[in-house]
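Just so it is clear, none of the values below were taken in a lab; they were calculated from the coordinates. Predicted, not measured: the structure shown is a model, and the values here were computed from it. We place every Cβ from the backbone using ideal geometry, glycine too, and count neighbours over all the protein chains shown.
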Amino acid sequence: MAVPTIVLPNGVEIPQIGLGVFLMEDPDETSWAVKHAVYTGYRHFDTAAIYGNEEVLGTALKESGLIREQLFITSKLWNNMQGYEKTKLALEETLAKLGTDYLDLYLIHWYGLDVKGSWLAMEELYEAGKIKAIGVSNFTIDHLESMKEYATIKPMINQVETHPYFPQDELREYMQNEGIVHEAWGPLSQGKTDLLLHPVLQSIADKYQKTTAQIVLRWHVERGTVIIPKSVHPGRISENFAITDFTLTEEDMQEIATINMETRFGRIPNDHEFIERTSKG
Ligand code: NAD
């Protein structure tokens with residue numbers, strides 16, 4: 001079954017399931033994983049300048065034989081390149097590394113020291129056609145509200161930690177009202193928790209003859225969230241994609257809602273020490 005797409009506020013369609021490439025550090029392994037993903041049917045890839053693998057990703061995608069228009073490529077502006085001029089430079093570097101002349105989606109990675117300058121540059125780059133859609137990552141409601149003072153274009157997407165232990169219901173409702181698409185990073189909780197062993201997920205998985213990872217990913221899809229699960233293992237890359245041949249019932253969704261821990265396991269958005277440290281240079 002075809003991968004569903006979500007329509008961004010400007011009409012651009014983003015495939016709802018993509019491959020995240022965070023922590024893919026070995027070039028051969030990364031290249032192999034990306035090619036396996038393309039073979040499996042993935043067309044959406046999520047990288048970032050800070051991941052250090054834009055070049056490997058770009059080359060692997062070229063070698064996979066698809067044409068550029070068949071792909072949806074996201075990258076992110078790192079904290080040390082925030083600011084009007086530096087953002088334009090950063091995009092040029094990213095495009096050169098990926099070997100492409102446009103990005104499908106460019107995100108401000110964290111709410112750093114010059115979000116306004118970066119956003120104004122991104123609006124221009126968007127108008128110039130170098131980026132098909134623009135958004136942010138790790139932004140809170142307050143961060144998004146503060147952008148209203150200067151943004152001509154509203155962020156089209158916000159990529160934030162989200163999984164059944166941290167469903168982000170409040171932010172999600174706010175974004176729904178604002179027309180900002182919800183994208184989940186760490187959709188499987190990054191392998192940092194016992195999520196995939198949870199008995200509620202296990203019993204639903206048994207019912208559908210699926211794995212708990214597939215139940216979690218399907219839960220995201222039912223909620224209209226864009227997901228970019230990461231794996232370098234061919235079996236898991238395929239497994240994470242094979243979630244379009246079943247649906248969860250309202251009852252399943254309600255059961256999964258009961259395991260919410262209201263706890264994030266990744267970095268908090270307002271980690272000032274981290275922002276200061278990573279904004280240098
Ligand atoms: P994830 O939730 O996708 O978890 C990845 C880990 O889950 C893998 O390393 C593996 O151990 C395990 N896993 C994957 N598939 C599995 C399966 N089928 N069964 C069992 N275990 C499985 O976490 P992530 O990689 O951190 O997040 C996904 C993507 O989101 C990243 O690759 C990156 O592109 C993006 N991301 C963005 C930010 C941000 O600040 N914007 C932060 C983290 C990640």
- prompt: Nearest 10 degrees, 0 to 90: what angle lies between the long axis of helix 54-63 and the longest principal axis of the chain (Cα atoms)?
  reply: 70 degrees
task: Quick one: work out the % antiparallel among DSSP beta bridges in the chain, nearest 5.
output: 15 percent
field: Computed over the stretch 44-135, the ratio Rg/Rh where both radii use C-alpha atoms and Rh is Kirkwood
entry: 0.96
- request: Would you please state which residues of the stretch 243-281 a label at LEU113 would reach in this model, taking the label point 7 Å out along Cα→Cβ and a backbone N cut-off of under 19 Å?
  value: 269-281
query: Over the Cα atoms of the chain, how large are the radius of gyration and the largest Cα-Cα distance (Dmax), in Å?
result: 18.1, 54
query: Which Cα, out of GLN70, PHE45, GLY186, lies furthest along the positive dipole direction of the chain (beta carbon charges, K/R +1, D/E -1)?
result: GLN70
task: Apply 1/(1 + (r/R0)^6) to the Cβ-Cβ distance of ILE275 and ALA96, taking R0 = 30 Å, and write down the FRET efficiency to the nearest 0.05.
output: 0.70
field: Rg/Rg_globular for the stretch 131-171, with Rg_globular taken as 2.2 N^0.38 Å and Rg from C-alpha atoms
entry: 1.28
query: When the helix-only estimate is applied to the chain (DSSP H runs of n ≥ 4, each -39,500 (n - 2.57), divided by the residue count), what is the mean residue ellipticity at 222 nm, nearest 500 deg cm²/dmol?
result: -12000 deg cm²/dmol
- prompt: In terms of Cα to Cα distance under 18 Å, which aspartates and glutamates are near enough to LYS35, apart from those fewer than 8 places away along the same chain?
  reply: GLU25, ASP26, ASP46, GLU54, GLU55, GLU63, GLU69, GLU239
field: Helix 115-127 vs. the chain, principal-axis angle (Cα, 0 to 90°, nearest 10)
entry: 90 degrees
- request: Quantify how much of the Cα-Cα distance distribution of the stretch 131-281 extends past 28 Å, in percent.
  value: 25 percent
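In what order do ARG43, ARG68 fall by count of nearby beta-carbon atoms within 10 Å, going from fewest to most? Before the final figure, lay out each step's value.
On the way: ARG43 19, ARG68 13.
The order, fewest Cβ neighbours first, is ARG68, ARG43.
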- prompt: About its Cα centre, what dipole magnitude does the stretch 161-276 give when the only charges are +1 on Lys and Arg Cβ and -1 on Asp and Glu Cβ, stated in debye to the nearest 20?
  reply: 500 debye
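Please report TRP219, TRP110 as a ranked list, fewest other C-beta atoms within 10 angstrom at the top and most at the bottom.
Working: TRP219 23, TRP110 26.
Ranked by crowding around the Cβ, least crowded first: TRP219, TRP110.
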task: Quick one: order GLU173, GLU124, GLU273 by neighbouring beta-carbon count within 10 Å, fewest to most.
output: GLU273, GLU173, GLU124
